[in-house]
Structures are given as structure tokens and as C-alpha cells.
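Some notes on the structure that comes next.
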């Protein structure tokens, strides 16, 4: 399907036909599944998002509000589209030729898929941490300094040093790496590497941090450290985390969204989703009947 | 008892044991095939290199004869002008002849005196003229000087012409042999390193021919090849691999690049002849044109190697950079390209090594001419190492056989150094992630 080659016009047209009318029209429908989140508290507002890979529909009509300074967990069985959804939020799917996105994704009052949005600017506002720790094969210092440097956030070496130290401190890594800032980032252990990636992401001071199963490659102790860190970071950042572990979702998140077969089945306060799920599919998943 | 009942009586584990034997035999057989294939390849390699070295080794040495040379003022500068231009025009061959006559005063017969000349190289006069050019104070003095022997004497001394041959079958006659033995007995004949081989250009006289002209020609040519094909190839590969959308057009281009790598090199020579010489009127036989032709030939190799090493950079690095908000160009220049560089350099060096060993396209654009002067610029007529090998292999003089092999040794040495560099770079900059 060669129409996939010009995805942007498609996105724009879909957005134009829906955005103005659907904001009002769709809200009650969203409220039915997920009560409470008002637009005031929402950092990101997602409406009627559909994602296609070629002819396959990966996500269907997703409506979701991500509230400021909260941790929102996305759970669901493998292949349910939660990672795809996460990557829509900062347009990481742009480079996948086959992928088309329609619907509305708002960051504050910026339309993420708007025609005048520069993805470079967008990704400076929405940082990302990946499943497998992927530090650059450069020094620890350079790893953290890279973002501020390319975005021109600093004017002097001292400022840069400052940002690097602060970010490493916030990521809880400073004690371990203070004396080896100029060693390669890849020489660290897996958990340390992942915290380095978090430090690298927060060095640009993004508003939202997306985490795609950040602990799946880590041992339980490293996982516990990352979870602690996520908790601390949520004071200052809005965090969306995809996780395979329901316990993890329950531990770190305030709100949980359950995805199944490309649909958002249930979205609500974490406690409510885990203790009294409204949908029987959610019930089945969290009790381990499938997934 | 039939076979089937016998197999039924065999236990499960026995049957596995029986099949194990068969499997082990197959494995041993396969291992043997592999070892013998490698052994055959190695034997041929040893035979090839060995024969080149045995033939070529002598090319690095020459026979010299010591003569007492009288730099007579009457011959060099009879009018006392003290003008170097006059010195240069002087008849140094006559000085050599006089020195030979003085060495063998008993030789008086006209025929024998003529035969005497065959002992010393025809190029010996130039040696003397260079001595005078560098030090005019020698005029009027008498010096003991080691002069290069003729190629016939050299061949005879190295044993490539047997003494047992009947006199009529060799160019060194019995009378020469007598003189050579006399010189040898008096210690006036020696074998030394042939420095001229490394400092001279081509020559019709084998004892005077060198490969420096070809080395300089090859260096100039490869320089042009490198500065054209490396940036073009790397940029094309980056665009195709990292930036371009995957369309039917890029598929088409990709297929054609792969095809270009398989085009016989002489076709590139024809292309260069038609476009660079006949259409653009660039100078014939020049390293500039040779370099351009070889650059065309090397481009696909570099593009393919670069794309392969870009592909080998894990996508997680690209994602990490993109996730931080790096623009596509920043992703490539800051992260992907540095990581792919060792592979790119290796591919480039291997491509360049291939270009160094290539002669066919150079034949088409006239780099096959007989060129004595060392090329000074990219537009001077020049030749290249493999073409020099080809030219010498075609020359009738016996002594060019060892020159050909010696030039081949030099060419192989360059290739080995380049490939070793490629291996070193790969080992040195190999990264793990």
C-alpha cells in the first residue's frame, strides 16, 4: 500500500474533520469508561486515536487523559498496542513507513500531529526511556550532556556541568558515577545504564517522560531502584509507563489503562482498576486468567 | 532371524548408539573436506608467492664492476668553459670505454674492444655525468668507481644464463666469461642492492629500469580515487540507508549499485575513454583521469560497505538519539556515522586495494605508455604499478623477467600493507554495545 508514503496529509485531514466537532462529541463516551479526568488537570489529551500498520489496525479509537505530575501505567497482554500507543505520544512511529496515525493527540494546547509541529521540539518536551537500556557508546558525561547540547540549552561549560550533575543526582546515579564520569556509559551495569538513560532524558527537562517497559531487562533489585526513582520523578514530571508487570503498575502508578486487542478497555484510578475492575476482560487479565 | 526382528530386539539406546557412529563418521568426513580445501588453497598460495619471490628477489640486486675512471678534462670540458651545460653534453660513454680499455690493456683486437663494451651498462655514462653534475671538482681527477654491469653480465652472475650452454646460445661469449672471471678474481666485481630499482622510472635498459615512476603514478591516481569516491560513496550510502524514503526508485537505485559492483573493470575504462578523454578532453595517460575511472569503479564497493556498516549500528542508538530530539542529520552525524566508521574505512581500504591492483581500465585511458620521467603532477603522463608489471612482462630482454617479478613483489607488499591496515582499523575501533 503505497499511500503509506504520504502519511502526514492523511493525519491532517482526519484531524481536521474530527478535532473541532469530536472534542465535545466524544467526551461523554470517554467519561463512561474513565470518570473524573477533567481537561484542566490533563497534561496530554488523546482523542479518537487510530493507528494502522499498513492494512492492520493496531489501535482503535483510543481516548485517554494523562494528568500532570502523575504516573499513568499502560498494561495489557503482549501485542495489545500499549507500546504503539506510547510511541504515538512523541511521534516515534513517524519513521515506520507503514504506520499511519489518525485522531487527536494534544500536549497542553499543542496538537502533536499538527502540520507546524517540529518533532525535534516535541521530543524535547516529551522525553523517552526505552525497554532495553541504550546509552550512547560515549562517556557518562557525554550521554547526559548530549540533549542539552543539541538543543542549545546551555551557554557555558559550567552550566552544562551543572545540568549533568543535577540530572545524575535526580536519577540517583551520582554516588556510583561521580568519579568515573568520563568512562563509557556502556561500562555500567544494566540497572545503572537504565538510570543513566533516565538522567539523559531528564537533562533536557521535558514535561512528560514516556517509559517503555523500562525494567523488563533488569533484575529485581535494579527494578526496585527504578520504581523508587519513578516515584520521586513524578513530583516534577508527568510520566507514562508501559509495563508487563501488573505489580509494578500497582506500585508506581496513580492511574492505569488496560489495553486489549488494540482497544482501551478500562482506564481509571489504579486502585479502582485493580480492586474493582468494571470490565470483565480487565478482571480476567489482572487475575491471571489470560495474558 | 530377519532384519526387522533384529531391529525390534535392539533397545532404544542401542539404536541411538548405532546412529551416533554414522553421525560421527559424517562429521569427520566433513571436517576432512574442509581441511583439505584449505590445504589446497594454501599450497597454491605458497606456490604463487614462492615463485614470485624466487624470480623477483634477484631484481632487487645488481652486479657492479669497479673501474678506474679518468674524468679527463679533454673529454668533459675541452674548452675550459666550466659551464655545467657543457659538462652535461660531454661524451661520458667514451670515458667509460677508456676506463674499460685501461682495465684490460691486453685487449687490442678491434672486435674484442667492441665486445668489451658489453660488460658495462649503457646507462653507466649517466651515472658518471650525475657524479660530475653534483661535484665538478672531480674533473681532471682519476677515481675508482663501481659501475653497474650490463644486464647480460648481471644475468650471467645470477645464474639465470647457464655457463653450460653452448657459446652460440648465449649473449655472453666465452671471451666475456674470461674477463668476468678475471674481474671476480681481483675483487672488482660485486653484487649489491639495486637502489636504482626504487628511485628510477622506466627504462629500455633493464639494469636501469625502476618502479619509482609507477609508485608515484599509482599514489597520485589513488589519491584522486580516494578524494572522489570516499565522500561521494559515504554520502550516497547515508542518504540511501538513513534518509531516503523506501520507494520503488530507491529500490531501483539499490539494485543498480549492486550491479555496478559486478561490472567488469575494463568497461569503466571504456567509459573513461569515451567520456573523460573524447568528450571532456582531459589529458591522456594522466593520474587525474585514471583516478576518476578507478573512483567510478570503487564507488559501488564503498557504498555497499558503508550501507552494511550503517545497518550494523543497532537501531536502539538511533532511537535513543531521536527520542532526545536529535534531528535526522544529528542522529547520523553524531551517533550512527562514528559507530559505523571502522566498517566504512575497512570497506574503503579494501576498495582502494582493489583499485591499486587494477590495470584493465588504465590501459583504456592510455596509462600504459612507456614513461621514463617521474610524474610531477596529476596531469603528467604516468603509469601505475600493475600496468608497469604488464609492460615489463611484455619486454623481450631476459633481465625484465626478474624486474617483472620484483615489481609484483612491491605491488603485493603494498596490497598486504593496505589489507593489514584494514584489519587493524577493524580491530582497533570495533565497539561493543
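The values are calculated or read from the model by the stated rules, or taken from the named source; none is laboratory data. Just so it is clear, the structure is predicted and the values come from calculations on it, not from any experiment. Positions of Cβ are generated from backbone atoms using ideal geometry, with glycine treated the same way; all protein chains shown enter the neighbour counts.
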What residue, among those in the range B:312-340 that are farther than 23 Å from residue A:203 by Cα and buried (at least 17 other Cβ atoms within 10 Å of the Cβ), is farthest from the chain's Cα centre (by Cα)?
B:313
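Please state which one of A:70, A:97 is within 11 Å of another protein chain (Cβ to nearest Cβ) and either within 13 Å of the chain's Cα centre (by Cα) or surrounded by fewer than 18 Cβ atoms within 10 Å (Cβ to Cβ) (or both). Let's see the steps before the verdict.
Values: A:70 fails: within 11 Å of another protein chain (Cβ to nearest Cβ).
Every option except A:97 fails the conditions.
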Before we move on, is residue A:108 on the phi > 0 side of the Ramachandran plot and more than 10 Å from chain B (Cβ to nearest Cβ)?
yes
Residue among B:361, B:386 that is over 30 Å from residue B:160 (Cβ atoms), assigned by TED's automatic domain parsing to the domain that holds residue B:273, buried (at least 20 other Cβ atoms within 10 Å of the Cβ) and under 17 Å from the mean Cα position of the chain (by Cα):
B:361
Anything in the range A:139-157 that is more than 9 Å from chain B (Cβ to nearest Cβ) and in a loop (DSSP other than H, G, I, E, B)? List them, or say none.
A:152, A:153, A:154, A:155, A:156
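Only one residue in A:275, A:282, A:270 is more than 14 Å from chain B (Cβ to nearest Cβ), over 27 Å from residue A:122 (Cβ atoms) and surrounded by fewer than 19 Cβ atoms within 10 Å (Cβ to Cβ), so which one is that? Outline the logic, then answer.
Details: A:282 fails: surrounded by fewer than 19 Cβ atoms within 10 Å (Cβ to Cβ); A:270 fails: surrounded by fewer than 19 Cβ atoms within 10 Å (Cβ to Cβ).
Going through A:275, A:282, A:270 in turn, the sole match is A:275.
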Okay, helices (runs of 4 or more DSSP H) sitting entirely in the range B:38-149 with 3 or more residues that are closer than 30 Å to residue B:178 by Cα, I get B:92-103, B:110-116, B:124-134
Using beta carbons and a limit of 6 Å, which pairs, at least six apart or on different chains, have the first residue in the range B:110-126 and in the same structural domain as residue B:64 (by TED's automatic domain parsing) and the second one modelled with pLDDT under 85 and outside any helix (DSSP H, G or I)?
B:113/B:107; B:116/B:107
Name the single residue that is farthest from residue B:151 (Cα to Cα) among those in the range B:376-422 being without any contact (Cβ under 8 Å) to a residue 12 or more places away in the chain and not in a loop (DSSP other than H, G, I, E, B).
B:420
Residue among B:275, B:255 that alone is farther than 27 Å from residue B:377 by Cβ, surrounded by fewer than 18 Cβ atoms within 10 Å (Cβ to Cβ) and more than 14 Å from chain A (Cβ to nearest Cβ):
B:255
Can residue A:230 be described as within 25 Å of residue A:79 (Cα to Cα) and outside any helix (DSSP H, G or I)?
no
Quick check, is residue A:164 away from chain B (no Cβ under 11 Å), surrounded by fewer than 20 Cβ atoms within 10 Å (Cβ to Cβ), in contact with a helix residue (DSSP H, G or I) (Cβ under 6 Å, 6 or more places away or on another chain) and over 25 Å from residue A:95 (Cβ atoms)?
no
Exactly one of B:152, B:181 is outside the structural domain of residue B:368 (by TED's automatic domain parsing), touching a helix residue (DSSP H, G or I) at 6+ places or on another chain (Cβ under 8 Å) and not in a loop (DSSP other than H, G, I, E, B), and that residue is B:152
Please indicate, with yes or no, whether at least one residue in the range B:308-331 is in the same structural domain as residue B:378 (by TED's automatic domain parsing) and within 15 Å of residue B:229 (Cβ to Cβ).
no
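Residue-wise test of (1) in contact with a strand residue (DSSP E or B) (Cβ under 9 Å, 6 or more places away or on another chain); (2) more than 10 Å from chain B (Cβ to nearest Cβ); (3) buried (at least 23 other Cβ atoms within 10 Å of the Cβ).
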site: A:82; (1), (2), (3): yes, yes, yes
site: A:88; (1), (2), (3): yes, yes, yes
site: A:119; (1), (2), (3): no, no, no
site: A:129; (1), (2), (3): yes, no, yes
site: A:133; (1), (2), (3): no, no, yes
Just checking, does the range B:97-104 include any residue being exposed (fewer than 13 other Cβ atoms within 10 Å of the Cβ) and under 29 Å from residue B:186 (Cα atoms)?
no
Among the residues of the range A:168-181, is there at least one that is surrounded by 22 or more Cβ atoms within 10 Å (Cβ to Cβ), in contact (Cβ under 8 Å) with a residue 12 or more places away in the chain and within 23 Å of residue B:333 (Cα to Cα)?
no
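Let me confirm something: among A:223, A:186, which residue is within 12 Å of chain B (Cβ to nearest Cβ) and part of a helix (DSSP H, G or I)?
Unique residue meeting the criteria: A:186.
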Mind listing whichever residues of the range A:189-203 are more than 14 Å from residue A:221 (Cβ to Cβ) and part of a helix (DSSP H, G or I)?
A:193, A:196, A:197, A:198, A:199, A:200, A:201, A:202
Of everything in the range B:239-252 that's more than 14 Å from every other protein chain (Cβ to nearest Cβ) and surrounded by fewer than 15 Cβ atoms within 10 Å (Cβ to Cβ), which residue is farthest from residue B:384 (Cα to Cα)?
B:252
Within the range B:184-197, restricting attention to residues that are assigned to a helix (DSSP H, G or I) and in contact (Cβ under 8 Å) with a residue 12 or more places away in the chain, which residue is surrounded by the most Cβ atoms within 10 Å (Cβ to Cβ)?
B:197
